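One structure is given below, encoded as structure tokens.
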Amino acid sequence: MQKKFESGTFLPDSLISCRTLYKANGFSNDDMSRPIIGVCNSFTDIVPGHRHLKELAEQVKYGVYRAGGTPVEFGCIAVCDGVCTTHSGARYSLPSRELVADSIETMALAHRLDGLVLIGSCDKTVPGMLMAAARLDIPCIFLAGGCMLGGQSFGGKRKSDSTSIEEAYGMYQVGKIGHDVLEDITELCCPTVGSCQHMATANSMCCMAESLGLSLPGSAAIPAVYNDRLRAALLSGEAAVHMVLEGITSRDIITPEAIRNAIMVLMATGGSTNCVIHTLAIAHEIGLDSKTVMGWFEEYGNSIPLICRINPASKEFDAEDFYKAGGIPEVQRQMKPLLYNDCMTVTGKTIGENAASCRSLYPKNPDVITSLEKPFSTLAGLAIMHGNLAPDTAVAKPAAVAEEVRHFTGKAICFDSEDAVSDAIAKQLIKPGHVVVVRYEGPKGAPGMPEMFKPMKLLYGQGLNKCTALITDGRFSGTNNGCFVGHISPEAAAGGPIALIEDGDEIEIDIPNKKLELHVSDEELARRKAAFHYEPQPVEGYLKRYALHARSADQGGIIID
């Protein structure tokens, strides 16, 4: 906890030039006598999860004023995984996280801001903001933009969503639907602004921010178009000022125990596999070792049951349903015996106090959030895998894997890029019993560790999700379902065993026992290793720098110079 705020940052005459330039913006000495709160707004017309953030930023600034602070707004980049996926732009998604963190650090420290409200929604913007908060150790609060509402149902009970179009495209490729139906789905599956409607990376990370204590209780899951979202924005602005006045900083909140809480909630909610690398990156900012944090993932992966059913772990319920069922506070109430309930939050109260006092006006829905005593599955939402194919770990998502393929053995069919495997699926070259291997898609290899979102959705659309599997050193979308294992470390570009697989090799995926094995002798693998040669991808600009300095997935894919 830092010293409580006493007087304006720029009032001393030694900083008179700074004060003069603030006055050029219309600020007065009275404005500068108050806490100066940076409002980091990641608005963009490109990203539906960020399209509406201008209005939220105005509400935040009103809240800052109302609480006695002076708001100053600045912008931040926001990459949409949905827009950048399925083409070369996907390589920029994970690296953009580092740019978000670095730019917020730069703006906050260059301008001596007293506190921050960080407004974001989508996959890499949210963890980048949380990394910045942990790094800066000043009063910070995160405000989620909120989820999109579900779209018109097609082919079943589940409301359509942003990923339905790729599933539909797979159906179109095999003649299950016509192009007119395919085009209609593009009009119906994303009816509002907001982050995508499922417990994918965006909503998972917003829920983790609340689980860490860095967001107001109950705010993570509020849909983007609900009036509660505007109220949460105003209250977040007020809370930022109170944090400055009371001297509560981000590192008072983001502690080892808080990170353990966030991991437990992630496991219980069936959140995205991407949250593993993002949690490792956030933990690195407060000095935690990646092996320690990965150990917590393994510990809770073996002990925390799945108590939430939200798409992709459910074919019926989406993020709006999760909000109405009580959201994170209800999950925390159900998990009270397991959590570190004394952890500090942005309210100045503890996690336990917030969960006890946060009330939902909607009725509880035990079909969406259940109890520890009656879990939807005894398997946690995520699993850390080991074996001769993943000496440094890999990640699976039991919550999104049908029970009949949680233990799958098949023959390898290998591809050295996402484009190559997508073409093969389109040509219907993938057959039941195949384990699709997609490699050279890791942090250094791609570079940028893109998601294998499209191949998995195409397999699902072609009806192959319960008779094939896919493994990769790349990532997956939090929306993917089927038998998949990602984040395989070491990656192929680093000479990991995934680079040594050949077509026809037998691969065993045992998710309940968390094993990933290549059934090839050690002698044969040694022979292949001796012949291994890797040529890096020819890239320039930021991707070149990222490829040179990025750590492996089991270390969070962070940049270390």
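The values are calculated or read from the model by the stated rules, or taken from the named source; none is laboratory data. None of these values were measured; they are calculated from a predicted model. Positions of Cβ are backbone-derived with ideal geometry, glycine not excepted, and every protein chain shown enters the neighbour counts.
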Residues LEU230, LEU188, LEU214: which one is of a type in the set (A, V, I, L, M) and either under 29 Å from LEU94 (Cβ atoms) or touching a Pro at 6+ places or on another chain (Cβ under 8 Å) (or both)?
LEU214
Which condition number in (1) surrounded by fewer than 16 Cβ atoms within 10 Å (Cβ to Cβ); (2) closer than 21 Å to THR273 by Cβ; (3) not aromatic (Phe, Trp, Tyr) is the one that SER360 fails?
(2)
Taking the condition of being over 16 Å from ASN465 (Cα atoms) and in a loop (DSSP other than H, G, I, E, B), how many residues in region 156-175 meet it?
7
Can you find a residue in region 77-89 that is over 30 Å from PRO538 (Cα atoms) and surrounded by fewer than 22 Cβ atoms within 10 Å (Cβ to Cβ)?
no
Can you tell me which residue in region 184-242 is nearest to ASP252 (Cα to Cα), limited to those that are at pLDDT 95 or above and of a type in the set (D, E, K, R)?
GLU210
Spot the failing condition for LEU459; the list is (1) more than 27 Å from the chain's Cα centre (by Cα); (2) at pLDDT below 95; (3) not β-branched (Val, Ile, Thr), and only one is missed.
(1)
With the condition being more than 18 Å from the chain's Cα centre (by Cα), I'd like the helices (runs of 4 or more DSSP H) fully within region 44-110 carrying at least 2 qualifying residues.
53-66, 93-110
Identify all residues within region 28-51 that are surrounded by fewer than 17 Cβ atoms within 10 Å (Cβ to Cβ) and of a type outside the set (A, V, I, L, M); write none if there are none.
SER28, ASN29, ASP30, SER33, ASP45
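In region 247-256, how many residues are acidic (Asp, Glu) and within 20 Å of the chain's Cα centre (by Cα)? Talk me through it step by step, then tell me what you get.
Taking region 247-256 first, the residues acidic (Asp, Glu) are 252.
Filter once more, so that each one left must be within 20 Å of the chain's Cα centre (by Cα): none.
Adding up the residues that qualify gives 0.
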